[in-house]
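Below: one structure, written as structure tokens.
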Amino acid sequence: MARQLEWTRRSVLRLAWVGIVAASALTFKPLIQYLTSDEDQLRSPLVFYEKSLAENSDWQKASNSRVWVRQDTLGIMAMVATCTHLGCEVNYHPEKKEWLCPCHGSIYDSEGRPIYGPALKALPRVAVNRQPNGSLIINTSKQVGLDARL
Amino acid sequence: MARSPIQKLKEKEGIATLLFLVVCTALAIKFQPAVGTSNQAPAVTHAVAPWIFGPFQILLLYLPPWIGALIVPILIVAGLAGLPWIENYLGIKWGRGIFTFLFSLVVFLLLWFMVIEAWWN
Amino acid sequence: MKEQEQEPEHYHKNFVNHIRPRYVPDEVLSVLYTFCLGGLSFLAFIVLGATGILLMFHYLPGDSSGFSSVITIASVIPYGGMIRNIHYWAAQIMVVTVNLHMLRVVWTHSYKSPRQLNWLVGVGLLIFVLVLDFTGYLLIGSQESGAAATVALHIVELIPSMGMGLGKIGLGNPSSLSGSTLVVYVWHCVGLPMIALILQLYHFWRIRQDGGVRPL
């Protein structure tokens, strides 16, 4: 005679317990997706520089961003002032022609190459383009080499 | 072993509580904690970590980030957390030695940080 | 002796007595044994909770609002500066007492069997206190807090494979000029203190489970 499945109090409780654990496990991925979403904080990689840029000028800061632009004899270049060590915003000191990081004291030369401190890589250069109205548009998501110019 | 009602302990705790609140309020009246620099102001040239994270700051200054900020703190925490088991397997002397080493390392880094900051100012 | 041990009338009506022993060894009563360091840490936690809730009435997390609301609390709102100062100093004292408490526990060998589990809970609480202190610093929203948030984010992102996600869950999207984000605010005011409180209550309960505070 086949044993009949008995729904004792214990087995029902155990089933409920397993169900709760399984249901919580299922919420793991949705929770991670919910918590890591940044749909509510859209940040465009595009930065605009609307002032005029003189030839052979020193680094000029684009407002409300970490982007700096400069024009030398070869053309225009753009740099993101983010320390390559741990991401603090570096400041340009025009009198010393150096970039200084406030957090751990890294120093970069005027071209953005590291010369002192824990940073090992050069400050990132990014792509610049000129808009029809003459202002500059900088795409911070597109990195370029040290000698790239517009 | 001689023992006393919990009431005795409560009295001492009451005294300690009052002392703590007085000291805390006195500090709050006397010393205004810094608020730092506004983000509308020009960028600061030197950002100081709060003293509690001074040891971290020193580690980051001289070690690559993945060692200074991940491996070393994980080792310190593992050494602390594993203390009872370390003593079980290696003996009390080792346990004491490792704890003393870890704790004095952190204190040493903290003092180092404070000296650097004092020198900077 | 017999008379002394008789329980007072009100004894059973007090809930706190329920989680504490009726009698304690005389040696434990000596201030020089525990220096009250664990208790003082808990007291600091209570003070931090009370002042923290008060601060929440006027604090606005956010890139630009964080710092200005701290300034407003500190300088304009009646007694706001006082409440903020107490919150700050209680936090500094707590970090010190928690560390000294750990030293005391090692000094008196109180981490040994059968108390290993409580030692682990204690180490966990130490980390929680440090993280709470750090997130509190971020919420000031100053330039320095932005730098600290950026550094912390970069460090968390060093963790292989789940670093990016952890950074976003733990810190949100801090800018380089302000560490005050809604995510940090929620962790500092709700998430971390709640877990820390539960851990602390478990910590206290375990003391009794493991045989109470015993002298050397």
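Please state which one of C:Asp26, C:Asp63 is at pLDDT below 90, over 30 Å from B:Lys8 (Cβ atoms) and at the interface with chain B (Cβ under 9 Å from one of its Cβ atoms). Quick ask: steps written out before the conclusion?
Numbers: C:Asp26 fails: over 30 Å from B:Lys8 (Cβ atoms).
Going through C:Asp26, C:Asp63 in turn, the sole match is C:Asp63.
Restricting the search to region C:154-168, which residues are at the interface with another protein chain (Cβ under 7 Å from one of its Cβ atoms), crowded, with 18+ Cβ neighbours inside 10 Å and more than 16 Å from B:Pro73 (Cα to Cα)?
Matches in region C:154-168: C:Lys168 only.
Starting from residues that are within 18 Å of the chain's Cα centre (by Cα) and of a type in the set (A, V, I, L, M), keep the ones in region A:84-119 and report whichever is nearest to the other protein chains (Cβ to nearest Cβ).
This residue is A:Leu86.
Just to be sure before I move on: is C:Leu130 surrounded by fewer than 21 Cβ atoms within 10 Å (Cβ to Cβ) and closer than 26 Å to C:Leu60 by Cα in the structure I sent?
Numbers: surrounded by fewer than 21 Cβ atoms within 10 Å (Cβ to Cβ): yes; closer than 26 Å to C:Leu60 by Cα: yes.
It is true that C:Leu130 is surrounded by fewer than 21 Cβ atoms within 10 Å (Cβ to Cβ) and closer than 26 Å to C:Leu60 by Cα.
Given the criteria closer than 24 Å to C:Glu144 by Cα and in contact with an Asp or Glu (Cβ under 8 Å, 6 or more places away or on another chain), does A:Thr82 qualify?
Working: closer than 24 Å to C:Glu144 by Cα: yes; in contact with an Asp or Glu (Cβ under 8 Å, 6 or more places away or on another chain): yes.
Yes: the conditions hold for A:Thr82.
Each row is one residue, and each column tells you yes or no for (1) within 14 Å of the chain's Cα centre (by Cα); (2) more than 7 Å from chain B (Cβ to nearest Cβ).
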residue: C:Ile83; (1), (2): no, yes
residue: C:Ala90; (1), (2): yes, no
residue: C:Ile93; (1), (2): yes, no
residue: C:Lys112; (1), (2): no, no
residue: C:Trp119; (1), (2): no, no
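Residue by residue through region B:97-121, note down the ones that are aliphatic (A, V, I, L, M), more than 14 Å from the chain's Cα centre (by Cα) and surrounded by fewer than 13 Cβ atoms within 10 Å (Cβ to Cβ). Steps first, please.
Within region B:97-121, the first condition is being aliphatic (A, V, I, L, M), and the residues that meet it are B:98, B:102, B:105-107, B:109-111, B:114-116, B:118.
Right, trim to more than 14 Å from the chain's Cα centre (by Cα) and you get B:98, B:115-116, B:118.
Residues satisfying the conditions are B:Val115, B:Ala118.
Restricting to region A:84-101, what's the tally of residues that are hydrophobic (A, V, I, L, M, F, W, C) and in a loop (DSSP other than H, G, I, E, B)? If you could, list the steps in order and put the result at the bottom.
So the first thing to find is which residues in region A:84-101 are hydrophobic (A, V, I, L, M, F, W, C), and the list is A:86, A:88, A:90, A:99-101.
Still in the running and in a loop (DSSP other than H, G, I, E, B): A:86, A:88, A:90, A:101.
The number of residues fulfilling the criteria is 4.
Those residues that are touching a residue at least 40 places away in the same chain (Cβ under 8 Å) and hydroxyl-bearing (Ser, Thr, Tyr), I need them from region A:67-100; list them, please.
A:Thr82, A:Thr84
Looking only at region A:38-83, count how many residues are surrounded by fewer than 12 Cβ atoms within 10 Å (Cβ to Cβ), within 13 Å of chain C (Cβ to nearest Cβ) and either in a strand (DSSP E or B) or in contact with a Lys or Arg (Cβ under 8 Å, 6 or more places away or on another chain) (or both).
1
What do you reckon, is C:Leu192 surrounded by fewer than 21 Cβ atoms within 10 Å (Cβ to Cβ), over 27 Å from C:Val70 (Cα atoms), touching a residue at least 40 places away in the same chain (Cβ under 8 Å) and within 22 Å of the chain's Cα centre (by Cα)?
Values: surrounded by fewer than 21 Cβ atoms within 10 Å (Cβ to Cβ): yes; over 27 Å from C:Val70 (Cα atoms): no; touching a residue at least 40 places away in the same chain (Cβ under 8 Å): yes; within 22 Å of the chain's Cα centre (by Cα): yes.
Judged against the criteria, C:Leu192 is not a match.
Residues that are modelled with pLDDT of 90 or more and at the interface with chain C (Cβ under 9 Å from one of its Cβ atoms): list the helices (runs of 4 or more DSSP H) wholly contained in region B:1-89 that include at least 2 such residues.
Details: elements: B:6-30, B:54-62, B:72-81.
Qualifying helices (runs of 4 or more DSSP H): B:6-30, B:72-81.
The values are calculated or read from the model by the stated rules, or taken from the named source; none is laboratory data. Being a predicted model, the structure only gives us computed values, none of them experimental. In this analysis, Cβ positions are derived from the backbone assuming ideal geometry, glycine residues included, and neighbour counts consider all displayed protein chains.
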